[in-house]
Amino acid sequence: MRQPLSVIIIAKNEALQIRQCLESVRWADEIVVLDSGSTDGTVAICQEYTDHVYQTDWPGFGEQKKRALAKATKPWVLSLDADEYLSDSLTHAIQTILQTNSSHAGFEITRKHLFYQKLIHHANGKKALLRLFKRESATIEPVSVHESFTVTGTVGHLADPIIHQSFSDLSDMLTKLNRYSSLTAQQKIQRGQHYNIAQSLLHAGWQFFKEYIINRGFLDGGRGFLLAWAYAHASFYRCVKTTYCDQA
């Protein structure tokens, strides 16, 4: 017998992308959406798929996902962002886990970016995140950005990736890079971390080399170069902002 699944999603002004996310998990037993002030019809779209849509303030990514987890009621939970969706193969893999009631407390899943309507196979960051887990085993730190769930117990890994519609275009990329680098810089400042210009350049250079050469982003063509360059810029700005944000 398949174990029931809750899907938790946080959103704000995601009307252009959230329908695909919701469609990919409409088979789930429960979908919980926390919206933080959308003005573009996101709430109405979500209400087509679930009655569990809640409108809240915005306390930061970690706290918002902690709130969403608290509203989930099923034994297993899948955490998705509004700009992500499941492929058919990943859906099958998750359903198999729920059917067999795995002894693992959670599963890490990698992501592949969909950039300018093309799937990126290499310049993806390669970091697997804990996204599927047993509800009673999970916790999350209420940090402002780069939040992550943890579980008590063993963690497995799923080979099939989540599809991430990371940036709609270059303008969207620049806007998000600026926003996330500022949030990450504030976290670093709180931990007492600071970087000068030279250190920031070294971090950026390493990030580009890792994504474009080590992770073979060059095989993704021009899109791979743009993403590797974007990761390098994000690394540079989140480092250098530890000095200038602290002085603001």
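Within the P(r) computed for the chain, what percentage of the Cα pairs occupies the region above 26 Å?
I get 43 percent for the Cα pairs in the chain exceeding 26 Å.
For segment 196-247 and segment 24-73, what is the separation of their Cα centres, given in Å?
32
Which net charge results when you count Lys and Arg as +1 and Asp and Glu as -1 among the other residues whose beta-carbon is under 14 Å from that of residue 138?
With Lys, Arg at +1 and Asp, Glu at -1, the neighbours total +4.
Counting alpha carbon pairs within less than 8 Å and at least 6 residues apart, what relative contact order, in whole percent, applies to the chain?
19
Rounded to whole Å and sorted largest first, what semi-axes of the equivalent ellipsoid does the C-alpha gyration tensor of segment 170-247 yield via the square root of 5 times each eigenvalue?
Semi-axes (√(5λ), whole Å): 24, 14, 8.
Compute from the Cα atoms of segment 77-142 the Rg and the Dmax, the latter being the longest Cα-Cα distance, and quote both in angstrom.
Rg, Dmax (Cα atoms, Å): 13.3, 39.
For segment 1-136, what is the convex hull (Cα atoms) projected area averaged across all directions, in square nanometres?
In nm², the orientation-averaged hull projection of segment 1-136 is 8.5.
Of 74/112; 66/176; 74/188, which ones are farther than 30 Å apart at the Cα?
74/188
Please report 180, 116, 231 as a ranked list, fewest other C-beta atoms within 10 angstrom at the top and most at the bottom.
Fewest-to-most Cβ neighbours within 10 Å comes out as 116, 180, 231.
Leaving out same-chain residues fewer than 8 places away, which aspartates and glutamates sit with a Cα under 19 Å from that of residue 210?
220
In deg cm²/dmol, rounded to 500, what helix-only [θ] at 222 nm does the chain give when every DSSP H run of at least 4 residues adds -39500 (n - 2.57) and the total is split over its residues?
Working: 7 runs with 98 residues, N = 248.
Only helices count here, giving -12500 deg cm²/dmol.
Limiting things to C-alpha atoms, what are the Rg and the maximum Cα-Cα separation (Dmax) for segment 107-216, in angstroms?
Rg then Dmax for segment 107-216, in Å: 16.2, 45.
None of the figures in this text is laboratory data; all of them are computed from the coordinates on show. Owing to the predicted nature of the structure, the values given are computational and were not obtained by experimental measurement. Glycine also receives a Cβ, built like all others from the backbone with ideal geometry; neighbour counts cover every protein chain displayed.
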